[in-house]
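This is the structure I have questions about; it appears just below.
The values are calculated or read from the model by the stated rules, or taken from the named source; none is laboratory data. What you are looking at is a predicted structure, and each value in this text was computed from that prediction instead of being measured. As a convention, Cβ positions derive from the backbone with ideal geometry for all residues, glycine included, and neighbour counts pool all protein chains shown.
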Amino acid sequence: MAQKPGTPNNISMPIIGETDGLQDQVQLDQVRIFFGHATGNMVSMATGGVLIGTVLFSGGVTPANIGLWGVVLMATASFVWLLERHVQRVGLTSENCQTFMRMRIALGSLVALTYGMTAFFMPGTSSHSEHAILVMIMSTVVTMGALGYAVIPAYYLLINAACVLPFTVRFLYQYVAAQDSFYLMMLGISVAWQVMVLRKAHTASQTAIKGIVLNRQLQHEVQEHLHTKESMRHMAMHDELTGLPNRRYFEQTFVRILSQAQRGDDAFGLLSIDLNDFKPVNDTHGHAVGDALLKIVAARLRDATRASDFCARMGGDEFVAICTGIKSTADLTDITRKLKIECSRPYVPEGVEVKTSASIGWALYPQDGDNLTRLMACADTRMYEDKQTIKARQKV
């Protein structure tokens, strides 16, 4: 390939505050779990409606009133179903999850309130058993809501209030009006049950939310570990000054390209590149200018080589390039000519104009060698011949 080169403090604030990104992700996870549990609730709502309607009918509520109540219940439940279908279609994101969650909480609370308001539907002639059955149904609804939606405490608290408060008011009224101790007893049982459920829900909520937060923290730690590992690998395989692959990376890449060439009976070229008169640049202008010059040379090599070529810095002012897809020495000669032109253009590192050029030697696999040592020796020999030629021209 070319080298172009924290846990929550309480359940009301179930989000850690390390970063805004992590907070958004935890919120998104909570809402996704919430909607995952909520999917398919139409059957449960319809079943609850049938049970409550049966009790109301047994208690003497007229079919017309039961029908009206059922229409309100199913209309509200239908809105819940439509919202869930919409969420499935558009998906949950950090941007929309809070809006969808508030809508779902509001609709779910309306369904629960529709259940709870049946406390006022029962006529005074209804028996104790019918009130007891309704309380059992409401307690079941609250318990399922508390344990099933522990990741969103606000939801199960609203469900609890919507289902239980109407019965609490009705039982208090019945007790005061009729002095019937049964209603006081039912009130006490209902309150005691809700306290137990809410305590369990509180524990389940803390555990669920903490699990979400810890899972996200673990994912972040894994990502950071992978990023650190990749950064260390990059540092180990690249030259710190120029950003080009280093000698180690070059040797590994050569082994891979050689193996591919042997399997496919292909040819590739190896270029040995050395700057001319680099030492005088350091001696005259200092190492800062020399380092800046090396960066410019590296950039030009990256730009001048093909997408399939591999460039590396071996050290000092020495560079190499592996050219794949080579068919003949003429191909290598063309690449060499292009590189020499690029490297001979004027340089102005750190605002200082310097003149240098590059001596380049080449070797072709398999004609000039079948391993790294032989190919490098051949390329270096030709590079030194090119350097001598350039020096001879300069003397003329």
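Only one of these conditions is not met by Thr93: (1) farther than 20 Å from Met136 by Cβ; (2) buried (at least 19 other Cβ atoms within 10 Å of the Cβ). Which number is it?
(2)
One line per residue, one yes/no per condition, for (1) surrounded by 22 or more Cβ atoms within 10 Å (Cβ to Cβ); (2) farther than 28 Å from Tyr183 by Cβ; (3) in contact with a Leu (Cβ under 9 Å, 6 or more places away or on another chain):
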{"position": "Thr99", "(1), (2), (3)": "no, yes, no"}
{"position": "Ile105", "(1), (2), (3)": "no, yes, yes"}
{"position": "Phe120", "(1), (2), (3)": "no, no, no"}
{"position": "Ala132", "(1), (2), (3)": "no, no, no"}
{"position": "Met138", "(1), (2), (3)": "yes, no, no"}
{"position": "Gly148", "(1), (2), (3)": "no, yes, no"}
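Could you check how many residues of segment 297-314 are of a type in the set (Gly, Ala, Ser) and either in contact with a helix residue (DSSP H, G or I) (Cβ under 6 Å, 6 or more places away or on another chain) or exposed (fewer than 15 other Cβ atoms within 10 Å of the Cβ) (or both)?
4
Report yes if some residue within segment 204-216 is charged (D, E, K, R), outside any loop (DSSP other than H, G, I, E, B) and surrounded by 17 or more Cβ atoms within 10 Å (Cβ to Cβ); otherwise report no.
Yes, segment 204-216 has at least one match.
Out of curiosity, is Ala162 modelled with pLDDT under 85, crowded, with 20+ Cβ neighbours inside 10 Å and part of a helix (DSSP H, G or I)?
When the stated conditions are applied, Ala162 does not pass them.
Now for a different question. Spot the failing condition for Val354; the list is (1) closer than 14 Å to Leu294 by Cβ; (2) of a type outside the set (Asp, Glu); (3) crowded, with 21+ Cβ neighbours inside 10 Å, and only one is missed.
(3)
A further question follows. Do we have Thr125 as crowded, with 20+ Cβ neighbours inside 10 Å, assigned by TED's automatic domain parsing to the domain that holds Gly67 and either part of a loop (DSSP other than H, G, I, E, B) or modelled with pLDDT of 90 or more (or both) here? Explain how you work it out, then say what you get.
Details: crowded, with 20+ Cβ neighbours inside 10 Å: no; assigned by TED's automatic domain parsing to the domain that holds Gly67: yes; either part of a loop (DSSP other than H, G, I, E, B) or modelled with pLDDT of 90 or more (or both): yes.
For Thr125, the condition - crowded, with 20+ Cβ neighbours inside 10 Å, assigned by TED's automatic domain parsing to the domain that holds Gly67 and either part of a loop (DSSP other than H, G, I, E, B) or modelled with pLDDT of 90 or more (or both) - is not met.
Going residue by residue through segment 315-329, is there one that turns out to be buried (at least 20 other Cβ atoms within 10 Å of the Cβ), among the acidic types (Asp, Glu) and under 30 Å from Ala236 (Cβ atoms)?
Within segment 315-329 (the criterion being buried (at least 20 other Cβ atoms within 10 Å of the Cβ), among the acidic types (Asp, Glu) and under 30 Å from Ala236 (Cβ atoms)), the answer is yes, since at least one residue qualifies.
Also: Mind listing whichever residues of segment 56-68 are part of a helix (DSSP H, G or I) and either closer than 19 Å to Val43 by Cβ or not hydrophobic (A, V, I, L, M, F, W, C) (or both)? So that I can check it myself, show each step before the final result.
First pass over segment 56-68, keeping only residues part of a helix (DSSP H, G or I): 56-58, 63-68.
Listed by number, the residues that qualify are Ser58, Pro63, Asn65, Gly67.
On the given criteria, is Val111 out of contact with any His (no Cβ under 9 Å at 6 or more places or on another chain), assigned to a helix (DSSP H, G or I) and crowded, with 21+ Cβ neighbours inside 10 Å? I'd like the intermediate steps shown before the answer.
On the way: out of contact with any His (no Cβ under 9 Å at 6 or more places or on another chain): yes; assigned to a helix (DSSP H, G or I): yes; crowded, with 21+ Cβ neighbours inside 10 Å: yes.
Yes.
With respect to His86, determine if the residue is part of a helix (DSSP H, G or I), touching a helix residue (DSSP H, G or I) at 6+ places or on another chain (Cβ under 9 Å) and closer than 30 Å to Leu218 by Cα.
Considered against the rule, which asks whether it is part of a helix (DSSP H, G or I), touching a helix residue (DSSP H, G or I) at 6+ places or on another chain (Cβ under 9 Å) and closer than 30 Å to Leu218 by Cα, His86 comes out as no.
Looking at segment 281-300, can you tell me whether even one residue there is in the same structural domain as Lys355 (by TED's automatic domain parsing) and within 18 Å of Asp386 (Cβ to Cβ)?
Taking every residue of segment 281-300 in turn, at least one turns out to be in the same structural domain as Lys355 (by TED's automatic domain parsing) and within 18 Å of Asp386 (Cβ to Cβ).
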